[in-house]
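A.B. asks: Questions regarding the structure given below will be posed in turn.
The values are calculated or read from the model by the stated rules, or taken from the named source; none is laboratory data. Everything numeric in this text was worked out from a predicted model, so none of it was measured. With ideal geometry, Cβ positions are generated from the backbone for all residues, glycine too; neighbour counts draw on all protein chains shown.
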Amino acid sequence: MADINITSLGKVFAGTPALQDITTRFEDGEFIALLGPSGCGKTTLLRLLAGFDMPSSGTIRIGARDVATATNMVPPEERNIGFVFQSYALWPHMSVRRNVSYPLEIRKLTKPEIAAQTDAALAATGLTEYADRMPSDLSGGQRQRVALARCLVSAPDAVLLDEPLANLDVALRASMQAVFTDFHKRTGATMVYVTHDQAEAMAMADRIAVMNQGLIQQFDTPQTLYERPKNRFVAEFVGRGTVVPVKAVEQGENQLHAHVLGARIAVESEAQSQVSHVCLRPENLAISETGDLRAKVARVTYLGGKYLLETVSSCGTRLLAETRAKFDVGAQLGLTITTPWAFSED
Amino acid sequence: MQSALQKGGSRSESRLLSVILILALCLTLAPVLRLFIEGVTDQGVPSLSLAKSVLAQGSTLNALKHSLITAGLGTLVSVVLGAAFAFLVALTDLRAKAALVFCLMIPMMIPPQITALSWTQIMGPSSVLLKTLGIAPPLGAPQPLYSPEGIILLLGIQHMSIIFLTLRAGLRAIPQEVVEAARISGARGFRTWWQVVMPLTLPSLAAGTAITFVTALGNFGIPAMLGIPAGYVTLPTLVYQKLAGMGTTVLAEVSVLAMLIGAVAIVGILLQRFFQGRQNVYLVGSTSRPLAIPLGSARLPVEILLWAVVFVILVLPMFGLLATSLVPAYGVPLRFDTMTFVSWGEVLFRQPVTARAFANSFSLALGAAVVLMIICLPLAWLMERHPTRLSRLFDSLLDLPYALPGVVLSIAMILLLIKLPFTDATLYGTIWIIFLAYLARFFAVMFRPVQASLKQLDPAMAEAAQSVGAGLFQRLRDVILPLSAPAAAAGAILVFLTAFNELTVSALLWSSGTETLGVVIFNLDDSGETAMASALAMTIVFVVMALMTLIQLFSRRFPKGVVPWQT
Ligand SMILES: Nc1ncnc2c1ncn2[C@@H]1O[C@H](COP(=O)(O)OP(=O)(O)OP(=O)(O)O)[C@@H](O)[C@H]1O
Ligand SMILES: [Mg+2]
C-alpha cells in the first residue's frame, strides 16, 4: 500500500517532449484512471512509474521512498509494483501456474508458501481449472486474468494497468471491469489504469486524470469532470457537448449572467466573471416550442429509450439535445438553455 | 551513452552490455584492426614502402588478375543459375518447391574443397564413374577442370544459392496486387516480368551479386584444388603458397596481400550494403499472398528441366565421389567384384591423422557453437534494449570477419596472436589460434538468428518479469533464454556445420597435431590418396545433410529469418 507523489515530471524522447512538468498525487488505495487521446503520454507516464524508463526531469515518490530523482533511480524489480500489459505479456513457455508462481519464486518463498499463495491467486481470478494449461491454450479474457493473478500474487504496493481490456470484445470488457473493481476492493492497492475509453474510466475510477499533449488537463472525480470541466479540451473530450463563447459576463447578486448564442442566461462557474466559454451538454438544452433559440434537426440517432438530436441553430452552431419523443430530420424546434457550466479559456 | 540511460530501468544491464560488447569487439574486430596496422607500417614506423614493393610484383598482379577473373565470371554463372531458379520458384506455381529449395541449399553447405573433389571425380581420364560407364577419355587426356574455366564453373555452382536466397527474399516481398495491377492494365507474361517484377527486384539481385562476388573472391578450396595443379594462382592461393613455403618470415609480405584481398572485398561489401538499403522501400508493410503465376502446360517440362539441373550439379558429383571411395585403387573401374570399403575403413578407423582431425574439428565446432551462444544471447538482447552508439557501430561491423575472405582473417589472427603482448608465449601453431579465429569468423552466423528472434520478442515479456522483481540474470535465464532457445539452437547448428567443414582459415593456421577435417581432405587429395579423400568427403556430406535435415525438421518452431534457406 502506498501513495504516489509526482513532482515536475518530464520525459523527452529524442528532443520531443512526451510529458511536460507533471505534478500530482495519487492517494493510497485510490483507483486512478488516465484518460486521453492517442499519443498524449499515458503509457509514458505509466512506464516512468514502473521504472521501465527514466524521467528526463522531476521526481517520483512511492510511499516513503524516492524511486526516481534526477540522480538516482530504483530499478523496476525493486519497486514492488504490479504491471498489467495490454498484450498480457504472459510467458509462453511457462504454464499458467508457473506464470503466476514466478514472482514468488523470485522472492525465494518456500515451496508450500508458493503453492498456497498461487492457489489463492488462481482461485481469486477463477483460473483454478486452467492452472496446468499453457497460455497459448487460453482465450483473451482468461489470459488477462492470468496476467492479473500474476500481479496480485506478490501483493504489490501499486498496480499499473496499460489498456488491459483494449484487446477484448465489448461483453467481455464489462465482465473484466467487474474483475478489476473486485480486485481493487479486496486488495486495497493503489491502481493506475490507462484507458482511452471514457465509459470504462467513469465506471471504475475514483478519480480520472484527463491528459493531452503530455499535460494533465484536469484531475477530478468522474462527476466533477463531466459537470465542471476546467477547459475546452476537457469539456469536449469528456461526454457530449458543444463549447461556445460567451459575451458580456456580469456578476449578479449570487449568480453569473452572460450572453450565450444571443440569449441572456444564468451560468455557473468556479472563476467569478473571468469566464469566456460555456459547455452546452444535452442536459442543458430543453426542447420547447417557445424556446428562444431556434434550431433545425440535422441528424437523429436512437440511443435506446431516447433520441440524440444533432441540431443546427440559426447562427450555425451545432447543438446536441436529447429527447424521448422522435423528431424528423429538418424539423424546426426551439431550445432553452439552462445554467450551463462556464470556464475561462485563452 | 545518453540513450542507454534514457531507456531501460536497470543500470546493471548497461554495465553488462559494456562488458560483453568489449569482449565481442576484441574478438571480432581486433584482428582486422591489427592487420590494417601491419599493412601500413614497416617495423613499427608508418610506411607504405613494403606495400608498394609487394603490390608491384608480377606474381601479385597476376594473382589479382586471376582472382578478379574467376570471381567475376564465377559470379556471373551464379547469377544466371541462381536467378533462373529464384524467378521460377518464387513466381510460378511449380510443385515440390520446398524440396527444390532444400536441394539448392546443399551446394552452399558442402565445403568447396569437397565440391572440387567431387567434380574432378566425374571428369577426366581417371574418373572412376566414367571408367565404370566406359566413357572415360583416354589416359593422358587433361583433366578439364584444372583450368580457369573449371574454377569459374565450380565457383558459380558453389555460390548460386546466395543469389537464389537473396533474390527469392526480394521476390517474395512483391505483393500479388502489384503484378495483378499490371495485368489489369494490359501487360502480359514476359512484359509483366520485365517491366514490373524485374525493376522491383533489381536491388536484391544487385546486393546478392555483390556478396557472391566477395564470397567467390575469398574462396580458397576451389582454386586450391583446381588451380594449383594447373599453375593458375589466385590471391588466396598465393598467400597460402607463400606461407606454406616460407613460414612466418614472409608474414609482412602476405599481410599486404591479405589487405589487397580485403580492400577488394570491402568494396563488394559496401556495394551490397548500398543495394540492400534500397530494397523494398516502396513495399513496406505488405502482407499479402506471394505470387504464383500459373505456368500452364509448360509446368512439367520446366520442372523436369530444373530437377535435371539439380541432378547434374548435386547428385552426379556425389555419385562420382561415392564411386571413387569404393574402389581399391584410384583409376580401377567400379564393378561388383572390385567394390570395397577399404578406403572407408582406413579413413574412419585406422588413420591416426583422420581420427585426430575428426576430434579437432568436432571439438572446435562444438566449442565455437557453445561459446558463441553464451556470448551472443545476452549481447543481442542487451543491444536490442540499449542501443548505444558503440553497439550500433558494432552491429554494422560484426559481419566483417565472416564476410571478409578467410585468408584475410587468418593472416590477421596470426599477426595478433603470434606473439602475445607482455609475454614470450605464442598461440601460433596451437589449436587455440584456430579456435579464436572460428569465434571471430562465425560470430555473425550465431548472432544474426538470435538477433532476429529477439527483435520479434515482445519487450513486455522481460518487463513483466522485471515488474514482479526478477533481476537481470533471472530475466535472462527464465524468460529470454527459453524464448530465444530455438533460434539460438538453429544458430548453434549452423555454426557447428560451417566450422566442422571449414578449410580456408585452418589451412593457414594448422600445424602438425591440429589438423582439421578440411585440411586432411585437402592433404589426402594433394598426396594422391584420392579414394581416401573421397570416403572422408562422403562422410562429411552425410553429416552435413543430417544436420540440415535436423534444422529442416524443426524449422516450423524457429522464428522467421532464423533458418537461412527459409525466408
Ligand atoms: N520510445 C519512444 N521513442 C520516441 N518517442 C516515443 C517513445 N515512446 C513514446 N513516444 C512518443 O511519446 C508520445 C506519447 O506516447 P505514449 O505511448 O505515452 O502515448 P499513449 O498516450 O500511451 O497513446 P496510446 O493511447 O496510443 O497508447 C507519442 O508522441 C509517442 O510517439
Ligand atoms: Mg499507450
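A.B. asks: Under 7 Å between Cβ atoms, at least 6 apart or on separate chains: pull out the pairs that start in segment A:24-44 with a residue that is within 14 Å of another protein chain (Cβ to nearest Cβ) and end on any residue that is within 9 Å of ligand 2 (Cβ to nearest atom).
C.D. replies: Qualifying pairs under 7 Å: A:43/A:162; A:43/A:194.
A.B. asks: Still on this model: Go through segment B:418-455 and give me each residue that's part of a loop (DSSP other than H, G, I, E, B) and either within 14 Å of chain A (Cβ to nearest Cβ) or touching a residue at least 40 places away in the same chain (Cβ under 8 Å) (or both).
C.D. replies: Across segment B:418-455, the qualifying residues are B:418, B:428, B:429, B:430.
A.B. asks: Here is a further query. Based on this model, can you work out whether residue A:8 counts as away from every other protein chain (no Cβ under 14 Å), touching a residue at least 12 places away in the same chain (Cβ under 8 Å), loosely packed, with under 15 Cβ neighbours inside 10 Å and out of contact with any strand residue (DSSP E or B) (no Cβ under 9 Å at 6 or more places or on another chain)? Walk me through how you get there before you give the answer.
C.D. replies: Numbers: away from every other protein chain (no Cβ under 14 Å): yes; touching a residue at least 12 places away in the same chain (Cβ under 8 Å): yes; loosely packed, with under 15 Cβ neighbours inside 10 Å: yes; out of contact with any strand residue (DSSP E or B) (no Cβ under 9 Å at 6 or more places or on another chain): no.
It is false that residue A:8 is away from every other protein chain (no Cβ under 14 Å), touching a residue at least 12 places away in the same chain (Cβ under 8 Å), loosely packed, with under 15 Cβ neighbours inside 10 Å and out of contact with any strand residue (DSSP E or B) (no Cβ under 9 Å at 6 or more places or on another chain).
A.B. asks: Which one of these does residue A:97 not meet: (1) away from ligand 1 (no atom under 15 Å from the Cβ); (2) among the basic types (Lys, Arg); (3) in contact with a strand residue (DSSP E or B) (Cβ under 8 Å, 6 or more places away or on another chain); (4) touching a residue at least 24 places away in the same chain (Cβ under 8 Å)?
C.D. replies: (3)
A.B. asks: Look through segment B:456-482, keep the residues that are polar (S, T, N, Q) and more than 14 Å from residue A:51 (Cβ to Cβ), and return whichever of them is farthest from the other protein chains (Cβ to nearest Cβ). Write out each step before concluding.
C.D. replies: Initially, segment B:456-482 is screened for residues polar (S, T, N, Q), giving B:456, B:466-467, B:474.
This time we only want the ones that are more than 14 Å from residue A:51 (Cβ to Cβ), so: B:456, B:474.
Details: B:456: 12, B:474: 6 Å.
Among residues in segment B:456-482 that are polar (S, T, N, Q) and more than 14 Å from residue A:51 (Cβ to Cβ), the one farthest from the other protein chains (Cβ to nearest Cβ) is B:456.
A.B. asks: Name the helices (runs of 4 or more DSSP H) wholly inside segment A:104-193 in which the number of residues that are modelled with pLDDT under 90 and within 14 Å of chain B (Cβ to nearest Cβ) is 3 or more. Step through it out loud before you land on a result.
C.D. replies: Working: elements: A:111-124, A:140-152, A:170-187.
Result: A:140-152.
A.B. asks: Can you pull out the residues in segment A:34-69 that are more than 16 Å from ligand 1 (Cβ to nearest atom) and either out of contact with any helix residue (DSSP H, G or I) (no Cβ under 9 Å at 6 or more places or on another chain) or within 24 Å of residue A:221 (Cβ to Cβ) (or both)?
C.D. replies: A:59, A:61, A:62, A:63, A:64, A:65, A:66, A:69
A.B. asks: Right, another one. When residue A:54 is evaluated against the numbered criteria (1) free of Cβ contacts under 8 Å to residues at least 24 places away in the same chain; (2) out of contact with any Ser or Thr (no Cβ under 6 Å at 6 or more places or on another chain); (3) away from ligand 2 (no atom under 16 Å from the Cβ); (4) more than 8 Å from chain B (Cβ to nearest Cβ), which criterion, by number, is the only one it fails?
C.D. replies: Condition (4) is where residue A:54 drops out.
A.B. asks: Is at least one residue of segment A:71-81 more than 23 Å from residue A:146 (Cβ to Cβ), surrounded by fewer than 19 Cβ atoms within 10 Å (Cβ to Cβ), within 16 Å of ligand 2 (Cβ to nearest atom) and at pLDDT 85 or above?
C.D. replies: No, there is no match, as no residue in segment A:71-81 is more than 23 Å from residue A:146 (Cβ to Cβ), surrounded by fewer than 19 Cβ atoms within 10 Å (Cβ to Cβ), within 16 Å of ligand 2 (Cβ to nearest atom) and at pLDDT 85 or above.
A.B. asks: Output the residue which, of all residues in segment A:209-231 that are surrounded by 20 or more Cβ atoms within 10 Å (Cβ to Cβ) and within 16 Å of ligand 2 (Cβ to nearest atom), is nearest to residue A:33 (Cα to Cα).
C.D. replies: It comes out as A:209.
A.B. asks: If you check every pair at least six apart or on different chains, which have Cβ atoms under 6 Å apart with a residue in segment A:188-204 that is of a type outside the set (A, V, I, L, M) first and a residue that is within 13 Å of ligand 1 (Cβ to nearest atom) and in a loop (DSSP other than H, G, I, E, B) second?
C.D. replies: Cβ pairs passing all conditions: A:195/A:163.
A.B. asks: Another question about this same structure. Would you kindly identify the strands (runs of 3 or more DSSP E) lying entirely within segment A:259-303 that contain at least 3 residues that are more than 24 Å from residue A:230 (Cβ to Cβ)?
C.D. replies: A:293-302
A.B. asks: Can you pull out every residue in segment A:306-338 that is surrounded by fewer than 14 Cβ atoms within 10 Å (Cβ to Cβ) and not basic (Lys, Arg)?
C.D. replies: A:314, A:315, A:316, A:325, A:328, A:329, A:330, A:331, A:332, A:338 - these are the residues of segment A:306-338 that are surrounded by fewer than 14 Cβ atoms within 10 Å (Cβ to Cβ) and not basic (Lys, Arg).
A.B. asks: Still on this structure: Do you know which residues across segment A:206-233 are small (Gly, Ala, Ser) and more than 16 Å from ligand 1 (Cβ to nearest atom)?
C.D. replies: none
A.B. asks: Considering segment B:524-539 alone, what residues qualify as being of a type in the set (Val, Ile, Thr) and surrounded by fewer than 20 Cβ atoms within 10 Å (Cβ to Cβ)?
C.D. replies: B:539
A.B. asks: Answer yes if at least one residue in segment A:240-259 is buried (at least 22 other Cβ atoms within 10 Å of the Cβ), more than 16 Å from ligand 1 (Cβ to nearest atom), within 30 Å of residue A:335 (Cα to Cα) and of a type in the set (Gly, Ala, Ser), and no otherwise.
C.D. replies: The answer is yes, given that some residue of segment A:240-259 is buried (at least 22 other Cβ atoms within 10 Å of the Cβ), more than 16 Å from ligand 1 (Cβ to nearest atom), within 30 Å of residue A:335 (Cα to Cα) and of a type in the set (Gly, Ala, Ser).
A.B. asks: Look through A:67, A:84 and report the one residue that is within 16 Å of ligand 2 (Cβ to nearest atom), within 17 Å of residue B:466 (Cα to Cα) and buried (at least 20 other Cβ atoms within 10 Å of the Cβ). If you could, list the steps in order and put the result at the bottom.
C.D. replies: Numbers: A:67 fails: within 16 Å of ligand 2 (Cβ to nearest atom).
Exactly one residue qualifies, and that residue is A:84.
A.B. asks: With segment B:75-166 as the region, which helices (runs of 4 or more DSSP H) entirely inside it contain at least 1 residues that are surrounded by fewer than 18 Cβ atoms within 10 Å (Cβ to Cβ) and more than 18 Å from the chain's Cα centre (by Cα)?
C.D. replies: B:97-109, B:128-133
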